[in-house]
Structure formats: C-alpha cells, structure tokens
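Reviewing the structure listed below.
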Amino acid sequence: MNPAEGSTVIGKTVIIRGEISGKEDLYLDCDTEGTISLPENRLTLGPDARVVANLTVRDLVVFGTLTGNVQASGRVDLRQSASVTGDIVAGRLSIEESAMLKGRVELLRNGETASASAPRQASPASTTVSSEPLVLQPKA
C-alpha cells in the first residue's frame with residue numbers, strides 16, 4: 001500500500017499519544033492512541049497501523065487495526081486486512097472480503113452530517129461473505 005500523493009506520512013516506528021488534527025490528508029502506519037480530527041480530509045491507516053482512537057474524518061481507508069468510533073462525512077473503506085472494533089457513522093461504507101468489523105453502522109442520508117446524526121441509535125452491523133467488496137449506500 002502506497003500513500004496517496006500529497007498525504008502526510010507517519011511511519012511504523014513512530015508512537016503517537018494524544019490529539020491529531022489538521023487540514024490535509026494523512027497516512028498513518030504507526031501505533032496511535034487518542035483522538036484524530038480531520039473533518040475535511042482523508043485518513044488512511046496502513047497495514048502496520050494499530051490505532052486506538054475516536055475519528056472524525058471526511059474519508060477513511062483502513063488496512064490495519066482500529067479500535068474506536070468513526071464519524072465520516074464521506075466514505076469508509078475497510079480493506080482485506082482491516083480489523084475494526086467500534087461504531088461507524090458514514091455516508092458510504094465498503095467492506096472487502098476478509099475485513100473484520102465488530103460494531104454498529106449508521107449510514108447518512110444525502111446532506112446529513114455525521115455530527116447531526118450521532119445521537120440517533122445506529123443499526124447493528126451485518127456480516128456478508130462474498131468475493132466482491134460490499135458497498136452500502138443509504139436509501140433515498
């Protein structure tokens with residue numbers, strides 16, 4: 001997995017504890033604990049990432065391990081090697097075969113924001129086995 005061009009990259013020998021915020025795309029492949037706030041940007045968790053944090057992002061791509069809740073105004077992609085334990089509120093969700101998700105999922109309607117929907121009860125996550133990625137989109 002190569003980071004997207006223009007992303008800030010934090011490699012696997014780094015350990016972060018605390019709050020991360022910013023206004024640019026970020027690629028983490030390290031141990032991170034705390035909160036991550038990138039509401040206008042994409043966060044990618046590389047295959048060596050072990051993150052224990054609550055996330056507020058535009059888009060999220062997970063190859064590694066995440067423990068924490070996700071609020072994404074855009075899309076969340078869980079790739080084959082991903083392991084996520086926590087609740088996800090997002091506009092769209094894609095789960096590849098072999099990715100693991102333990103938590104609740106709430107998909108936003110068009111124009112709805114993640115923070116506006118947070119107090120509502122999320123729907124339980126479902127498990128599907130397929131050779132194609134699972135893409136969930138809200139009903140119109």
Item to check | Residue among Ile15, Ile36 that alone is in contact with an Asp or Glu (Cβ under 9 Å, 6 or more places away or on another chain) and modelled with pLDDT of 95 or more | outcome: Ile36
Item to check | Residue under evaluation Ser73, criteria (1) out of contact with any helix residue (DSSP H, G or I) (no Cβ under 7 Å at 6 or more places or on another chain); (2) modelled with pLDDT of 95 or more, criterion not met | outcome: (1)
Item to check | Residue check for Gly22: of a type in the set (Gly, Ala, Ser), buried (at least 21 other Cβ atoms within 10 Å of the Cβ) and farther than 21 Å from Leu107 by Cα | outcome: no
Next on the checklist: Which count do you get for residues in the stretch 55-101 that are touching a strand residue (DSSP E or B) at 6+ places or on another chain (Cβ under 7 Å), among the polar types (S, T, N, Q) and either more than 21 Å from Ser21 (Cα to Cα) or not in a loop (DSSP other than H, G, I, E, B) (or both)?
Outcome noted: 8
Checklist entry - What is the number of the single condition among (1) aliphatic (A, V, I, L, M); (2) out of contact with any helix residue (DSSP H, G or I) (no Cβ under 9 Å at 6 or more places or on another chain); (3) more than 18 Å from Val9 (Cβ to Cβ) that Ala53 does not meet? => result (3)
Checklist entry - modelled with pLDDT of 95 or more, under 30 Å from Arg109 (Cβ atoms) and surrounded by fewer than 18 Cβ atoms within 10 Å (Cβ to Cβ): does that describe Asn54? => result yes
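Condition check ((1) over 15 Å from Val105 (Cα atoms); (2) surrounded by fewer than 17 Cβ atoms within 10 Å (Cβ to Cβ); (3) not β-branched (Val, Ile, Thr)) across all residues:
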site	(1), (2), (3)
Arg42	yes, no, yes
Pro47	yes, yes, yes
Val62	yes, no, no
Ala72	no, no, yes
Arg75	no, no, yes
Thr85	no, yes, no
Item to check | Meets criteria (modelled with pLDDT of 95 or more, at positive phi and surrounded by 19 or more Cβ atoms within 10 Å (Cβ to Cβ)) for Gly68 | outcome: yes
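The values are calculated or read from the model by the stated rules, or taken from the named source; none is laboratory data. This is a predicted model, so every value here is computed, not measured. Please note: Cβ atoms are built from the backbone with ideal geometry, for glycine as well, and neighbour counts cover all protein chains shown.
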